[in-house]
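Below: the structure, in structure tokens.
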């Protein structure tokens, strides 16, 4: 058994295939982008959150690996993808001779990241949830026809920019979004993503932070 590293995992060809297939599946179903661009952004953001809060380098590395692997279950099915993804990750991590303690932390984060069934239970799962649910941006939308957008396309396309920042003194983590309200109003955003924001609130609490969200300068939670 041994330590695994994010740099090695992100270069693994087998994992890249599962990520690509999962993204293709979601594309065929009309979902937003879940490609390597999304999962690597989640990985880097999760790592940045824990680093900002002073967690050790090894836990930061595990958060980045969990973020990178969190959506591989989509190649099986969108439904329950967090659970199938955790089982796939378990198989891969064992094959890579990762320490059982590391495997346990990573698959917990993957298995808990979906709002339908999961919640933050430790620092790694909390960081992955915050990084994933706050990745709201226009270039995740793959549908080229605006008037056929579903509610998630609308929210993501309306997001001209988004930023997740931590104030360690005030113990807050803030999602600040600039929305084009001609596409999606602040109320629409809040209605559509309410469950995700509640999930982020819980994740912030696990990290000792108060989660806040702002859209166009207005506090929404």
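Bear in mind these aren't lab numbers, they're just calculated from the coordinates by the rules spelled out. Note that this is a predicted model, so its numbers are computed, not measured. FYI the Cβ positions are ideal-geometry reconstructions off the backbone, even for glycines, and counts take in every protein chain you see.
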Query raised in the report: In cubic angstrom, how much convex hull volume per residue do the alpha carbon atoms of region 6-219 span?
Result: 106
Query raised in the report: To the nearest 10 degrees, how steep is helix 100-112 against the longest Cα principal axis of the chain, on a 0 to 90 scale?
Result: 20
Report task. Rank 28, 43, 63 by mean-square fluctuation in a GNM of the chain with C-alpha springs under 10 angstrom and give only the top-ranked residue. Result -> 28
**Report entry** Residue among 46, 131, 37 with the largest mean-square fluctuation in a Gaussian network model of the chain, springs linking Cα atoms under 10 Å
**Finding:** 37
Requested in this report: Identify the residues of region 178-221 with backbone N under 15 Å of a label point that sits 7 angstrom from the Cα of residue 160 along the Cα-to-Cβ direction, or state none.
Outcome: 178-186, 215-218
Report summary line: Taking Cα atoms, the helix 57-69 axis meets the longest principal axis of the chain at an angle in degrees (rounded to 10) of 70
Query - Packing rank of 99-108, 71-80, where each peptide gets the mean count of other beta carbons within 10 Å, highest leading - result: 71-80, 99-108
Query raised in the report: Calculated from DSSP H runs of 4 or more alone, at -39500 (n - 2.57) each and per residue, what is the 222 nm mean residue ellipticity of the chain, nearest 500?
Result: -17000 deg cm²/dmol
Report task. For helix 123-133, report the angle its Cα long axis makes with the longest principal axis of the Cα atoms of the chain; keep it between 0 and 90° and round to the nearest 10°. Result -> 40
**Report entry** Per-pair calculated FRET efficiency, R0 = 25 Å: residue 87 and residue 24 via Cβ, rounded to 0.05
**Finding:** 0.80
Requested in this report: Quick one: compute the contact order of region 84-134, relative version, from alpha carbon pairs under 8 angstrom and 6+ residues apart, as a percent.
Outcome: 28
Query raised in the report: What FRET efficiency comes out for the pair residue 122/residue 176, r = Cβ-Cβ distance, R0 = 30 Å, nearest 0.05?
Result: 0.70
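Considering only region 6-219, what is the antiparallel percent among its DSSP beta bridges, to the nearest 5? Let's see the in-between values first.
On the way: 10 of 16 bridges.
Percentage antiparallel, nearest 5: 60.
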Query raised in the report: Do you know the relative contact order of region 70-185, to the nearest whole percent, from alpha carbon pairs under 8 angstrom that are 6+ apart?
Result: 15
Report summary line: Here the FRET efficiency for residue 216 versus residue 147, based on Cβ atoms and R0 = 30 Å and rounded to 0.05, is 0.80
Query - Choice from 194, 130, 59 with maximal GNM fluctuation in the chain (Cα, 10 Å cutoff) - result: 194
